[in-house]
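Below is one structure, written out as structure tokens; the observations come after it.
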Amino acid sequence: MDTKVLSSGIKYTNLPASYVRPESERPRLWEVSTCENVPVIDLGCQDRDRIIQEVGDACKNYGFFQVINHGVSLEAVEKMVGVAHEFFSLPVEEKLKLYSDDPSKTMRLSTSFNVNKEKVHNWRDYLRLHCYPLDEYVPEWPSNPPSFR
């Protein structure tokens, strides 16, 4: 592949070989059962022990869960999605300023967890950001688009 990130604007007609998993490593979707009852964790519940138990059970039995009453406004979520779209729509040259294949970096753009060690990469780009404590990590965050920070 000519570029290090997938969000380069290139329209692929064939999947690059470095993204094709052997048949034996692919999910066997016919073996996956349907899940009608996704666990729902209510963070508005005053019983902290119950919440902890529900999160543990959901992780153990399902591997995922939905959170409600988390206190994040719909407006804030929409702004985050908008800024993420702006970031990944930047010219590839701008995004590559943040690219790193060093998995120990606290802020980096990459396409896989460890590009140097993986035999097969994941078909995605991601921006890794550490967030806590916020005042320590925000200075590392991208300055473009200007609304990001």
(request) Please verify whether segment 120-132 includes one or more residues that are farther than 24 Å from residue 79 by Cα and not hydrophobic (A, V, I, L, M, F, W, C). (result) yes
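Which fully enclosed helices (runs of 4 or more DSSP H) of segment 40-105 have 1 or more residues being over 30 Å from residue 145 (Cα atoms) and open to solvent by 60 Å² or more (accessible area, probe 1.4 Å)? Lay out the reasoning, then the answer.
Details: elements: 48-61, 74-88, 92-96.
Output list reads 48-61.
Considering only residues that are of a type in the set (Asp, Glu), in a helix (DSSP H, G or I) and more than 24 Å from the chain's Cα centre (by Cα), look in segment 14-39 and name the one that is farthest from residue 118 (Cα to Cα). Lay out the reasoning, then the answer.
In the first step, residues of segment 14-39 are kept if they are of a type in the set (Asp, Glu); the result is 23, 25, 31, 36.
From the residues that got through so far, the ones that are in a helix (DSSP H, G or I) too are 23, 25, 31.
Next, only the ones that are more than 24 Å from the chain's Cα centre (by Cα) stay: 23, 31.
Details: 23: 16, 31: 26 Å.
My answer is 31.
Which ones in segment 116-146 are touching an Asp or Glu at 6+ places or on another chain (Cβ under 7 Å), polar (S, T, N, Q) and surrounded by 10 or more Cβ atoms within 10 Å (Cβ to Cβ)? First the steps, then the outcome.
Quick first cut of segment 116-146, residues touching an Asp or Glu at 6+ places or on another chain (Cβ under 7 Å) only: 116, 144-145.
This time we only want the ones that are polar (S, T, N, Q), so: 116, 144.
Residue satisfying the conditions is 144 alone.
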(request) Give 124, 108 a once-over and let me know the one that is closer than 25 Å to residue 20 by Cβ, in a strand (DSSP E or B) and within 14 Å of the chain's Cα centre (by Cα). (result) 108
(message) Looking only at residues that are farther than 22 Å from residue 38 by Cβ and among the β-branched types (Val, Ile, Thr) in segment 63-111, which one is modelled with the lowest pLDDT?
(response) 111
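The values are calculated or read from the model by the stated rules, or taken from the named source; none is laboratory data. The structure displayed is predicted, hence computed values, not measured ones. Heads up, the Cβs are rebuilt from the backbone with ideal geometry, glycines too, and the neighbour counts pull from every protein chain shown. When the accessible area is computed, the model is the full protein with side chains, heavy atoms only, and any ligands, DNA or RNA have been set aside. Shrake-Rupley method; radii C 1.70, N 1.55, O 1.52, S 1.80 Å.
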